[in-house]
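Okay, structure first, notes after.
The values are calculated or read from the model by the stated rules, or taken from the named source; none is laboratory data. Note that the structure is a prediction, hence the values are computed from the model and not measured. As a convention, Cβ positions derive from the backbone with ideal geometry for all residues, glycine included, and neighbour counts pool all protein chains shown. What goes into the accessible areas is simple: the full protein's heavy atoms, side chains included, and nothing from ligands, DNA or RNA. Shrake-Rupley method; radii C 1.70, N 1.55, O 1.52, S 1.80 Å.
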Amino acid sequence: MRGRSAGGGAGLTSAAVRRHRLAAPRRARVRADERDGRPLLVDGREVDAVRESWLVEDRWWSERPLRRRYWEVVTTCGRNVVVFHDLREGGWFRQR
Amino acid sequence: MVVCVLIPRFQLTVAVGDREELLGSPAALAPEPGREARIGEVSLAAEAFGVRAGMPLGEALSRCPQLTLVPPDPAGVADAWERLLVRLESIGAAVAPERPGLASFAAQGLVRLHGGTLERVLAAARTALRHPARIGAGPSRFCALAAATRARARRPQIVLGDERAARDYLAPLPVALLRGRDETAALPEALARLGVETLGELAALPRSDVADRFGAPGLLARELAQGRDGSLRPREAPERLEEELELPEALSGAQLDRALGLLVDRLLARHERRGRTLRAVVLAATLVEGGTWREQVPFREALSDPTRMRLALAPRLALLPAPAERLRLAVVRFGPAASDQRSLLDEAAAERRERLREGVRQARAAAGPDAALRVLAVDPDSRVPERRAVLTPFE
């Protein structure tokens with residue numbers, strides 16, 4: 001698996017399970033708008049439109065809380081991409 | 001009592017053929033094409049230069065620059081070895097071949113057949129072989145092998161007694177004898193570096209120490225040195241079925257494929273097959289440049305379908321190291337009789353499942369346990385995508 005997992009998202013700890021996890025986050029190169037955090041460029045592709053955005057907050061009661069701002073965007077090449085910004089540890093990841 | 005028949009440098013002798021003078025000079029079997037660059041059996045003169053079988057080619061040539069490399073003849077070796085095994089079996093022995101040039105058999109059942117003494121059994125074996133061989137007998141396979149290596153060409157060496165006698169006999173012998181077994185062939189050098197020179201010293205080492213340092217091969221070597229060994233596994237009575245085709249010119253590509261197709265058709269048409277499927281075959285070729293090439297091909301399932309056999313065999317032809325002047329296809333093992341019975345009930349789904357299982361088994365055998373996985377929904381409603389599903393073994 002390339003890249004590292006973000007925000008301890010899976011909660012599944014064994015090495016074998018990590019290796020076999022589906023839809024694991026992969027690090028992405030994203031340039032975002034400084035005012036509202038909207039992605040402008042994802043992995044070198046310009047963002048044409050933002051389809052949806054949502055916030056995921058989970059495990060806030062534990063020592064490894066998870067806070068992500070998800071963006072579903074369409075790039076200029078027509079690809080539908082889901083990326084998120086890890087609001088705790090920073091960094092952008094794609095997840096589709 | 002186990003009898004061991006040892007023909008030193010058997011593969012080299014066969015490969016040399018009529019050029020027997022080569023055996024008196026430094027000579028070694030060249031590495032087989034497409035295999036690891038290690039030499040095969042070596043002549044006595046080459047051994048004097050410190051060259052040993054299994055040594056990397058570069059090292060062998062640097063130790064003995066005048067070393068003559070003899071092209072290997074695997075098909076010729078297999079044929080010659082088969083002839084000798086059949087001769088041994090002709091005295092009633094259930095022969096367990098270890099490798100070309102080394103075979104063992106149990107003597108118990110043969111003593112009364114051949115005059116009531118072990119010596120007569122050994123004499124019968126020697127007469128049947130019609131080939132110079134060293135013969136040894138002992139309570140275990142390894143002890144018999146050790147006795148054979150110390151026997152003279154016309155005087156067999158016999159170790160009478162039980163496990164203790166074997167241990168006593170083996171005790172002063174060098175650990176280099178362990179090279180005679182594939183599983184322990186790599187140990188003698190490491191043992192010598194640690195100062196363990198004889199089998200007696202190895203047998204006296206604590207079991208746990210040997211296990212720590214050498215693992216399973218070490219434990220086996222210690223067992224052997226203590227006079228214990230596994231039981232013999234005699235081969236089943238062989239059934240020879242083969243087809244050969246002389247190629248008018250050096251063929252390649254589609255023409256060679258057609259020649260293979262012809263061989264397959266001929267083999268399947270032989271009445272000796274009696275409707276049985278084939279589980280493994282040997283594809284062999286005599287090369288234009290000299291030497292032979294041989295490849296054993298086990299089928300994933302027993303076959304009698306010429307199209308599938310061609311599909312399985314054709315890629316092997318690409319491994320031919322040089323143009324061939326003769327192509328041969330021989331059966332190694334038969335499968336059950338071919339049948340295409342329809343089931344009483346329509347069991348298409350069960351058949352599909354069984355095929356899928358077989359496919360999964362084959363994929364795992366080829367690519368490891370992770371080759372076939374399925375998606376398991378762990379928490380399908382989770383808002384965090386990576387928590388929803390994992391991959392898990394197919395079954």
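The set of residues in region A:59-77 being more than 14 Å from chain B (Cβ to nearest Cβ) and touching a residue at least 24 places away in the same chain (Cβ under 8 Å) consists of A:73, A:74, A:75, A:76, A:77. Looking at B:380, B:321, just one residue is part of a loop (DSSP other than H, G, I, E, B) and surrounded by fewer than 12 Cβ atoms within 10 Å (Cβ to Cβ), and that residue is B:380. Scanning region B:37-61 for residues that are open to solvent by 30 Å² or more (accessible area, probe 1.4 Å) and either closer than 19 Å to residue B:14 by Cα or assigned to a helix (DSSP H, G or I) (or both) yields B:38, B:41, B:44, B:47, B:52, B:53, B:54, B:57, B:58, B:59, B:61. Looking across A:50, A:56, A:17, A:30, one residue alone is at pLDDT 90 or above, at the interface with chain B (Cβ under 10 Å from one of its Cβ atoms) and surrounded by 13 or more Cβ atoms within 10 Å (Cβ to Cβ). It is A:56.
The lone criterion from (1) touching a helix residue (DSSP H, G or I) at 6+ places or on another chain (Cβ under 9 Å); (2) surrounded by fewer than 14 Cβ atoms within 10 Å (Cβ to Cβ); (3) of a type in the set (Gly, Ala, Ser) left unmet by residue B:269 is number (1).
For region B:1-29, a tally of residues being among the small types (Gly, Ala, Ser) and surrounded by fewer than 19 Cβ atoms within 10 Å (Cβ to Cβ) returns 3. Here residue B:7 clears all of (1) in contact with a strand residue (DSSP E or B) (Cβ under 9 Å, 6 or more places away or on another chain); (2) farther than 30 Å from residue B:159 by Cβ except the condition numbered (2).
Got a sec? Which of B:206, B:234, B:172 is open to solvent by 30 Å² or more (accessible area, probe 1.4 Å) and within 30 Å of residue B:93 (Cα to Cα)?
Checking each option against the conditions leaves just B:234.
Spot the failing condition for residue A:88; the list is (1) open to solvent by 90 Å² or more (accessible area, probe 1.4 Å); (2) within 14 Å of chain B (Cβ to nearest Cβ); (3) out of contact with any Pro (no Cβ under 9 Å at 6 or more places or on another chain), and only one is missed. Here residue A:88 meets the rest and fails (3). When we screen B:192, B:221, B:146 for residues that are open to solvent by 40 Å² or more (accessible area, probe 1.4 Å) and under 28 Å from the mean Cα position of the chain (by Cα), the only hit is B:192.
Contact annotation: residue pairs with Cβ atoms under 9 Å, 6 or more positions apart or on different chains, pairing a residue in region B:368-393 that is more than 9 Å from chain A (Cβ to nearest Cβ) with a partner that is outside any helix (DSSP H, G or I) and acidic (Asp, Glu), are B:372/B:395; B:374/B:395. Output the number of the condition that residue B:326 fails; it satisfies all remaining conditions of (1) assigned to a helix (DSSP H, G or I); (2) open to solvent by 60 Å² or more (accessible area, probe 1.4 Å). Single failed check for residue B:326: (1).
Of the residues B:212, B:182, which is within 30 Å of residue B:124 (Cβ to Cβ), of a type outside the set (A, V, I, L, M) and surrounded by fewer than 17 Cβ atoms within 10 Å (Cβ to Cβ)? One residue alone meets the criteria, B:182.
Having 1 or more residues that are touching a Gly at 6+ places or on another chain (Cβ under 7 Å) is the bar; report the helices (runs of 4 or more DSSP H) wholly within region B:118-182 that clear it.
Helices (runs of 4 or more DSSP H) meeting the threshold: B:141-150, B:163-170.
Out of all the residues in region B:337-356, which are at pLDDT 80 or above and open to solvent by 80 Å² or more (accessible area, probe 1.4 Å)? Correct list: B:351, B:352, B:353, B:354, B:355, B:356.
The requirement of being polar (S, T, N, Q), on the phi < 0 side of the Ramachandran plot and part of a helix (DSSP H, G or I) is fulfilled nowhere in region B:89-101; no residue meets it.
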